[in-house]
Every structure is written in structure tokens, then in C-alpha cells.
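The values are calculated or read from the model by the stated rules, or taken from the named source; none is laboratory data. Note that the coordinates shown come from a computational prediction; the quantities given were computed from them, not determined experimentally. All Cβ positions, glycine included, derive from the backbone under ideal geometry; neighbour counts span all protein chains shown.
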Ligand code: TXE
């Protein structure tokens, strides 16, 4: 059985305590690899390696750093098939999705920040009358801690480490222990690309051991985290009294608002994707669908028909639209929310139960796409993050009403609006409590834009120069002329 290793100081090494964690294939329910069960000793080695590498890396010209990131991007592209298969096996997502979205986006992240750093400038302020000039220098922090989740493993891992490295930091990163494989393969590609030792260190293991040790380490002054809101809260509780800089990308409970004047075909087709892509395990999925009453029944019936037609099956097969949920524990969590929805008075229009896939996947963790109606807008099913292939449908009559519904949760990550009335689209957009709004589209991403949420969906923004600002410390120099 394959045994993964940590990537520390340019080398692949075993965890100090010699312990390993089982790594499951969600489509078969079988253990297929072992992950280092690292601890604070391994994090210490990684931080020391990063500190040692920092002086040379931070003084390497931005163009050279960028070129190395682009070399890694090229290697990701060259290994597309291998990485996509590894992601699919590790996470349960359809191979087709990993090949079309996850892995190409990972190389885009590296390439985007490899070039962005060459266009990153700081400001100068001339003081009229006083004859003085201020200029701002943006220094890398030193060692950045990057902690990422299981739903888009390589995609979100590279989304953090690329800007951190481009800005001149060295990195200690921890992928999710649920989906470690592509981060491990990336460490091999970094070695092949010639990334200097210690610049990027990848420590595998549990959040409460490795993640907590990175968060609490006094020599890691900056932490970028994506994951659950409860974990974000615990990271903030450790990091805030140490005055660390924090970027937190947390959960969502995103509204998908459908007005009766929408382009029906487009709204329907895209809403199926925004509900069920990656088995609904994307923080940007629109899990609460609000439909203007005149369109309600027509939309509901067509939506349910399409949801029923989604093929749930072996993620490696071409025709599969829905793969497995990431873990048995997560499957049980999602099923418990379906039970809760029933208790809260919801009617299950389709799905609601596990799917038995014949053959090699008979023990996999599959769930039928589930559509629920008849729930109050502010019940637990409609306000807590489920993070699975489960959506609710709710009719509304007025803009004021749907804004009240949409804004009633503690989350504020993204929202989608479907209408052909542009003044209304903008009016509603500006009143929604969400960091990211899509109008007549979903998940259309320009990497230059600020990405992140309001309220309990997070603190700070990733993307574009926002991330380079985050991973640097501004210093103002004032010169009296
Ligand atoms: O996330 P965790 P989990 C949501 C989703 C899901 C829930 C829990 O609702 O059901 O979060 O998922 C590391 N200190 N999202 O348990 O635990 C952990 O090892 C430092 C939304 O997988 O937050 C992993 O690397 N790190 C989300 C990372 O944090 C810790 C995507 C995320 O794991 C830690 C995934 C600690 N104390 C889940 N504890 C999104 N918004 O994209 C854990 N970790």
C-alpha cells in the first residue's frame, strides 16, 4: 500500500513519530493509502526549514520566483491525467470534473500568481507644501501557514500557496487529511521543478495536531485557512491573541434567487450545476433556491426531473455526473440533515437516500441528489450548512421578501440572481449580504477579483492583488526632502 510522506526541506520524509492514518477511497469505502500522522515535531522541522530558506527566497527577484511557479504550473499540466485520477480516487468526485476543473485551476493558480507578482506595485505619496515623499515597501512576512480543506483539494491548496510563495514568503502547508494525495504529488513536482529546499513544506496529518501546531507556532505570523466555520473560529481564537494576520474562507449557505422573468433554460441548467456540482460539496453551491411564485411550479417540476436524471455512479466512468461523498462521516452528517428536514415539515421531492452502486463501488458513499420543499425559510435546514447534494425550494412574492429570506443566515459567502431586469439585478445584488454575487451565471471566476465572504463566511479576501497584499507587510518610509 502506498505510504505518503511529508515534504520538508526539499525532501520526502517520514513523520517523526512513525505513525500513519488510513486514507480511504470514497467510491469503494476501502483504505488505499497511508498518510503521515504528523505532529508538532514535524511542524517544527518544517518551520525551521522555511526560516532557513527565507532570506534567499525573499531576496530572489520576483521574476525568478515567478518563473519557478510557472515551471510548476507546466508540470501540473503535463501530469493532468495522473493528477485528475488521483483527485477523483481520493475525493470521490467524477474524474471528468477533476480533469476539467480541479487540476487545470491548480495550474492556473500557479501561473496567475507567478505573473501577478511581476505586476505588483506599491504606492508613493508626495506631500505638497511640506516637501516630503512617502513610499510604501511591501515585505514578505517570513513563514506563512496555509491550511486547506477536502472539497477542492489541489485547487484550494495552490490558491493559497501560490500567492504566498510569489510574494516571497516560505510556506508550511497542510492539506486536508481526508484528501492528501494531490498535495503529495505536488511535492514531487516541486522537487522536479527545482524549487529550493525549504521554500515550500507540506506536513500531512490531522487538523487538531498539525493544523493546530502551525496555527500556534510563534514563528508563523500569517495564517490562510479554508474550511469549516467552527474550525475557523478555533484558529482565530489561537491566532488573534498572538496578533497573527488571518485570512479565513469559511462555510456558506448561499441563496439562488430565480425571478419569473429569467432566461428559464439557462437558469434551470445552471441551477442544477450550482446545486449538485462536486456532490454539492463546494462552499459556493446555491443550496437555498428561492423562486418567484408565478414560476414556482414550472421550475420545481423541471428541476426535479433533471435532478433525478443525474447519473450517480463510479467516479471513474465517463457518464457519471455524481460521484461519492468524501467520507462516511460526512455522508452521515448529510443524511442527518435530510432527517432534520423531514422533522421540520419538509417534503422530499427526490433523493433523500443512499445509492447502492453495483460492482467495485458497492461499498461507496453515494447519495441521491435531494430536493426538498415546504420548509420555513428560517428553519435549521435552511440556515445551517449541509455541504452535500441537498437543496431546498421556496417560493417568494416580492423583492423585499426574498431579500429577507436570503439574508437570514449567519453566512454571507455568495449569491446568485436570475432575472432579465438589469436594474432589479443590481438593486438586489447590492442589498444581499454576500461577498460574491453572480447575475445570470454561477462560478464564473476571474482570478483578479476579490474572493471571500461576509459574516460567518470569513474574514479577508483572496484573489488578485488582495492575496498579495495579505501575504505582505506594508512599511511606509517618509523622506523629508
Ligand atoms: O473541515 P475542517 P471538515 C465545512 C462543511 C463541512 C465542515 C467540516 O460544512 O461539513 O466544514 O469539514 C484543518 N486547527 N467545509 O471537517 O475541519 C483540517 O485538517 C487547524 C466548508 O473537513 O474545517 C483541514 O485541513 N486546522 C469548506 C482543514 O482544517 C484544523 C470546505 C479544514 O477542515 C483544525 C470543507 C484545527 N483545530 C468543509 N481542525 C469550504 N468553505 O470550502 C481541522 N483543521
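Kindly evaluate residue 364 against the criterion of being touching a strand residue (DSSP E or B) at 6+ places or on another chain (Cβ under 7 Å), part of a loop (DSSP other than H, G, I, E, B) and at pLDDT 95 or above. Taking the combined requirement at face value, the residue does not satisfy it. Taken as a whole, the stretch 406-416 holds no residue that is over 27 Å from the mean Cα position of the chain (by Cα), in the same structural domain as residue 299 (by TED's automatic domain parsing), modelled with pLDDT of 95 or more and surrounded by fewer than 17 Cβ atoms within 10 Å (Cβ to Cβ).
Listed here are the residues, each with its yes/no results for (1) more than 20 Å from residue 384 (Cα to Cα); (2) assigned to a strand (DSSP E or B); (3) in contact with a helix residue (DSSP H, G or I) (Cβ under 8 Å, 6 or more places away or on another chain); (4) within 16 Å of the ligand (Cβ to nearest atom).
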{"site": "268", "(1), (2), (3), (4)": "yes, no, yes, no"}
{"site": "274", "(1), (2), (3), (4)": "no, no, no, yes"}
{"site": "278", "(1), (2), (3), (4)": "no, no, yes, yes"}
{"site": "284", "(1), (2), (3), (4)": "no, no, yes, yes"}
{"site": "290", "(1), (2), (3), (4)": "no, yes, yes, no"}
{"site": "297", "(1), (2), (3), (4)": "yes, no, no, no"}
{"site": "320", "(1), (2), (3), (4)": "yes, no, yes, no"}
{"site": "325", "(1), (2), (3), (4)": "no, no, yes, yes"}
{"site": "331", "(1), (2), (3), (4)": "no, no, no, yes"}
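Among the conditions (1) within 26 Å of the chain's Cα centre (by Cα); (2) free of Cβ contacts under 8 Å to residues at least 24 places away in the same chain, the only one that residue 353 does not satisfy is (1). Candidates are the residues of the stretch 374-405 that are assigned to a helix (DSSP H, G or I) and touching a strand residue (DSSP E or B) at 6+ places or on another chain (Cβ under 8 Å); the one that is surrounded by the fewest Cβ atoms within 10 Å (Cβ to Cβ) is 405.
Got a number for residues in the stretch 228-254 being more than 10 Å from the ligand (Cβ to nearest atom), in contact with a strand residue (DSSP E or B) (Cβ under 8 Å, 6 or more places away or on another chain) and in contact (Cβ under 8 Å) with a residue 12 or more places away in the chain?
Final tally of qualifying residues: 6.
Here is a check on your reading of the model: is residue 60 over 29 Å from residue 282 (Cα atoms), surrounded by fewer than 23 Cβ atoms within 10 Å (Cβ to Cβ) and free of Cβ contacts under 8 Å to residues at least 12 places away in the same chain? Spelling it out, it is not the case that residue 60 is over 29 Å from residue 282 (Cα atoms), surrounded by fewer than 23 Cβ atoms within 10 Å (Cβ to Cβ) and free of Cβ contacts under 8 Å to residues at least 12 places away in the same chain.
Yes/no per residue for (1) near the ligand (Cβ under 9 Å from one of its atoms); (2) within 26 Å of residue 66 (Cα to Cα); (3) not in a helix (DSSP H, G or I):
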| residue | (1), (2), (3) |
| --- | --- |
| 173 | no, yes, yes |
| 178 | yes, no, yes |
| 189 | no, yes, no |
| 201 | no, yes, yes |
| 208 | yes, no, no |
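Filtering 149, 153 for residues that are surrounded by 20 or more Cβ atoms within 10 Å (Cβ to Cβ), near the ligand (Cβ under 10 Å from one of its atoms) and more than 23 Å from residue 238 (Cα to Cα) leaves a single hit, 153. Going through (1) surrounded by fewer than 18 Cβ atoms within 10 Å (Cβ to Cβ); (2) touching a strand residue (DSSP E or B) at 6+ places or on another chain (Cβ under 8 Å); (3) in contact (Cβ under 8 Å) with a residue 24 or more places away in the chain one by one, residue 322 falls short only on (1). Consider the stretch 428-481 and keep the residues that are within 16 Å of the ligand (Cβ to nearest atom), more than 15 Å from the chain's Cα centre (by Cα) and in a strand (DSSP E or B). The one that is nearest to residue 261 (Cα to Cα) is 454. Of everything listed in (1) part of a loop (DSSP other than H, G, I, E, B); (2) within 16 Å of the ligand (Cβ to nearest atom); (3) exposed (fewer than 15 other Cβ atoms within 10 Å of the Cβ), the single unmet condition for residue 336 is (1). Which condition number does residue 330 fail, the rest of (1) assigned by TED's automatic domain parsing to the domain that holds residue 462; (2) crowded, with 21+ Cβ neighbours inside 10 Å being met? With respect to (1) assigned by TED's automatic domain parsing to the domain that holds residue 462; (2) crowded, with 21+ Cβ neighbours inside 10 Å, residue 330 is out only on (1).
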